[in-house]
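Worksheet: the structure to be examined is printed underneath.
The values are calculated or read from the model by the stated rules, or taken from the named source; none is laboratory data. Fair warning: this is a prediction, and the values are worked out from it, not measured in the lab. Note: ideal-geometry Cβ built from the backbone for every residue, glycine included; neighbour counts use all protein chains shown.
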Ligand SMILES: [Zn+2]
Ligand SMILES: [Zn+2]
């Protein structure tokens with residue numbers, strides 16, 4: 001799964017960096033209505049915009065996350081997991097920002113099935129060498145958990161939630177959307193769709209039935225992972241929302257870990273191949289040589305053929321990176337870089353002068369399938385054609 005490019009959250013919500021919390025909220029509400037799929041039937045781009053707005057609002061609508069984003073940009077939010085809106089249904093997003101829309105979707109219950117919690121998304125960095133064998137990374141994140149004091153219903157121990165007077169316990173009301181542009185049956189704004197309201201709130205969770213809990217887990221990053229790919233850790237997301245299942249019974253969401261592979265000065269990765277430059281002397285290129293280089297997993301012998309040219313590629317089979325699925329390793333591709341000394345010793349000068357007397361370079365040779373052909377081959381081999 002390729003990573004979507006990251007857009008500036010202020011641009012997404014069409015607000016100034018100095019906008020107040022209230023302005024951000026207003027702009028989000030306006031854009032969410034504009035891009036709401038009900039109003040843009042069959043328009044996939046509208047849904048993408050709708051979700052991008054929700055993602056931006058989750059950050060800019062939260063003081064702490066907004067401060068991190070202002071200081072460090074998207075990088076400031078790494079390790080601070082957010083909801084994975086791209087995998088969410090529109091009605092789920094509506095119900096998340098219940099307070100803004102005045103009551104939203106189906107309380108996290110899809111088509112009458114089992115209640116399912118939200119997915120979370122976080123990011124990790126691994127080095128290129130870790131791609132060889134795979135690795136484990138500790139990921140720490142905060143997620144909503146069922147409050148242990150009230151067992152999730154939000155009511156003070158000894159008291160019980162009561163039937164919601166607004167919807168008489170049905171959990172749904174018929175609503176006309178903002179501006180009268182669409183009509184829908186939505187979750188009751190008073191009880192959020194659960195059909196019950198808490199009069200005497202649990203102190204531990206302030207009546208939410210859910211508390212934020214920090215969690216640390218080890219995530220296995222498989223060998224062969226590519227930059228931007230996602231490792232899905234099943235069941236490490238959030239429990240179902242209180243309105244869908246107050247005790248949290250049902251299915252937890254997943255944790256999506258976006259893996260960033262940092263670049264390595266020594267190698268250029270081309271799918272499963274690793275390309276590296278190797279300097280050789282003019283004499284080695286002319287006469288041929290065996291040269292040892294450090295591959296990603298220890299030294300290898302590179303056979304330089306007599307008459308090698310600048311930019312020639314020597315392929316060493318099976319010393320690249322493994323394929324994610326088959327684990328079959330790609331190649332190490334060594335690019336020969338012929339080194340011309342800036343200074344020569346007296347002895348070398350004598351030898352080279354001797355040699356020069358015997359050498360005849362035909363300048364026309366450089367046009368005959370020489371330089372330009374070489375450039376083309378190089379480009380083709382790098383793009384895998
Ligand atoms: Zn509680
Ligand atoms: Zn209600």
Every residue from region 266-299 that is farther than 20 Å from residue 377 by Cα and under 34 Å from the mean Cα position of the chain (by Cα): 266, 293, 294, 295, 296, 297, 298, 299
Tell me which residues, restricted to region 147-159, are within 16 Å of ligand 2 (Cβ to nearest atom) and either free of Cβ contacts under 8 Å to residues at least 60 places away in the same chain or over 40 Å from the mean Cα position of the chain (by Cα) (or both). 155
Of the residues in region 294-311, those that are in a strand (DSSP E or B) and out of contact with any helix residue (DSSP H, G or I) (no Cβ under 7 Å at 6 or more places or on another chain) come to 294, 295, 298, 299, 300, 301, 302, 303
Filter pass, residue 134 being surrounded by 12 or more Cβ atoms within 10 Å (Cβ to Cβ) and either farther than 30 Å from residue 329 by Cα or within 12 Å of ligand 1 (Cβ to nearest atom) (or both): no
Among 304, 333, the single one that is under 29 Å from the mean Cα position of the chain (by Cα), more than 30 Å from residue 215 (Cα to Cα) and modelled with pLDDT of 95 or more is 333
Exactly one of 242, 206, 215 is on the phi < 0 side of the Ramachandran plot and modelled with pLDDT of 90 or more, and that residue is 215
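Within region 314-329, identify whether any single residue is part of a loop (DSSP other than H, G, I, E, B) and more than 36 Å from the chain's Cα centre (by Cα), and answer yes or no.
Scanning region 314-329 turns up no residue that is part of a loop (DSSP other than H, G, I, E, B) and more than 36 Å from the chain's Cα centre (by Cα).
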Only one residue in 302, 231 is surrounded by 15 or more Cβ atoms within 10 Å (Cβ to Cβ), closer than 30 Å to residue 152 by Cβ and free of Cβ contacts under 8 Å to residues at least 60 places away in the same chain. Which one? 231
Got a sec? Which of 162, 124, 129 is buried (at least 17 other Cβ atoms within 10 Å of the Cβ) and modelled with pLDDT of 90 or more? 124
Examine region 261-277 for a residue that is touching a residue at least 12 places away in the same chain (Cβ under 8 Å), under 30 Å from residue 143 (Cβ atoms) and surrounded by 14 or more Cβ atoms within 10 Å (Cβ to Cβ), and state whether such a residue exists. yes
Sole exception among (1) modelled with pLDDT of 95 or more; (2) surrounded by 16 or more Cβ atoms within 10 Å (Cβ to Cβ) for residue 290, by number: (2)
Residue count, region 69-89, condition surrounded by 17 or more Cβ atoms within 10 Å (Cβ to Cβ) and modelled with pLDDT of 85 or more, comes to 1
